[in-house]
Amino acid sequence: MTTSERDVRALRTPWPFTGRTDELELVRRSVTAGRGGIVVTGPAGCGKTRLVTEAVRGTDCARAAGTPATRDIPFAAFAHLLPGSVTLHRAVQLLSGVRLLLVDDAHLLDDASAALVHQLAVHGRTRLLVVAAEGVPVPGAVSRLWSGELLPRLSLPPLSRDETADLLTAAEGVAPDPLTARRLHRLGRGDLRLLRELFTAVRERGLLTAVPETGRWAWRGPVPVTAAVRERTAHVLDRVRPEERETLERLAFAEPLPLDLDTLDVSVLEGLEGKGLVTVDDHGATRLAHPLH
């Protein structure tokens, strides 16, 4: 795999921080002197890390993060802040002098690191800014931060369609037309990383066109199937059985389809619904759960 200079610039240059004004102010107030901190949760890709990064910009902040590969290694998330061998009691003592600690991807913390974060919240000497994903298993010591009322919790919703349009305007310098904004918002489904991937691919493939009448830009071409788009769908779609794939293909070309015993196999639909791949509304109309699928 080769990476062009243009790709490197795209990866290194973040989009302008747009929206979330009230949430940003709430997080900033929560980590000021006299406050214990806050837990920020939300769906993957909704901008949690970007929000807290903006909130602590310019402050003296220590950082730690959970990773999938180190979930079985004690205190792995804090390896850069602690000596090689340490007990929980000693780790709390060493980090109690840290004024502000940002813990990202707390749902991926090893048990010892999760217990350390919980104990720091109990002691109350370190202001904590903890970020965790929703809809995935979370260590009990982390979930007890808010369930035990040690820290307040901010559940961050995905950006709305209007907020997505504002973000695209800030990124491009010109507002998208309403149809384009609606289309990108629908495809991204609140995942800002996916939104950026789609927008960048559309722009680099020359699919953006100017609308002289309004001075806006529009996208009317096909959805670019990039490597990142494939990665986000393959891990789900590759697990389906042949009969399930046949149903998904029929829906992809002709959704919505009625819930009819002669048209769709109900047992197959139940399996696909359980996997989060299709939805059935109150009127029996069956659709793909995600437009990328």
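What tally of residues in the stretch 73-113 results from selecting those that are charged (D, E, K, R) and within 24 Å of P43 (Cα to Cα)?
Taking the stretch 73-113 and keeping what is charged (D, E, K, R), we get 90, 99, 104-105, 110-111.
Still in the running and within 24 Å of P43 (Cα to Cα): 104-105, 110-111.
Of the residues in that region, 4 qualify.
Condition first: touching a strand residue (DSSP E or B) at 6+ places or on another chain (Cβ under 9 Å) and open to solvent by 20 Å² or more (accessible area, probe 1.4 Å). Now tell me which residues in the stretch 211-220 satisfy that. Outline the logic, then answer.
Filtering the stretch 211-220 for residues touching a strand residue (DSSP E or B) at 6+ places or on another chain (Cβ under 9 Å) gives 211, 216-220.
Hits for the stretch 211-220 are V211, R216, R220.
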- Task: Go through V236, V225, V240 for me and flag whichever is farther than 25 Å from E163 by Cβ, exposed (fewer than 13 other Cβ atoms within 10 Å of the Cβ) and of a type in the set (V, I, T).
- Result: V225
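Listed here are the residues, each with its yes/no results for (1) among the β-branched types (V, I, T); (2) open to solvent by 60 Å² or more (accessible area, probe 1.4 Å).
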position: A62; (1), (2): no, no
position: L82; (1), (2): no, no
position: V98; (1), (2): yes, no
position: D110; (1), (2): no, no
position: T126; (1), (2): yes, no
position: V131; (1), (2): yes, no
position: G148; (1), (2): no, no
position: S155; (1), (2): no, yes
position: D166; (1), (2): no, yes
- Query: Of everything in the stretch 188-210 that's surrounded by fewer than 18 Cβ atoms within 10 Å (Cβ to Cβ) and aliphatic (A, V, I, L, M), which residue is nearest to A228 (Cα to Cα)?
  - Reply: A201
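Tell me, which helices (runs of 4 or more DSSP H) lie completely within the stretch 110-226 with 1 or more residues that are more than 27 Å from D22 (Cβ to Cβ) and in contact with a Ser or Thr (Cβ under 8 Å, 6 or more places away or on another chain)?
Details: elements: 111-123, 140-147, 161-172, 178-188, 192-204.
Helices (runs of 4 or more DSSP H) meeting the threshold: 111-123, 192-204.
Of everything in the stretch 1-30, what is aliphatic (A, V, I, L, M) and either at pLDDT below 90 or surrounded by fewer than 12 Cβ atoms within 10 Å (Cβ to Cβ) (or both)? Give them in sequence order. Spell out how you get there, then give the answer.
Applying the first criterion (aliphatic (A, V, I, L, M)) to the stretch 1-30 yields 1, 8, 10-11, 24, 26-27.
Hits for the stretch 1-30 are M1, V8, A10, L11.
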- Working only within the stretch 274-292, note down all residues that are open to solvent by 60 Å² or more (accessible area, probe 1.4 Å) and either of a type in the set (S, T, N, Q) or at pLDDT 85 or above (or both). T279, R287
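The values are calculated or read from the model by the stated rules, or taken from the named source; none is laboratory data. What you see is a predicted model; the values in this text were computed from it and never measured. Heads up, the Cβs are rebuilt from the backbone with ideal geometry, glycines too, and the neighbour counts pull from every protein chain shown. Surface areas here come from the heavy atoms of the whole protein model, side chains and all, with no ligands, DNA or RNA. Shrake-Rupley method; radii C 1.70, N 1.55, O 1.52, S 1.80 Å.
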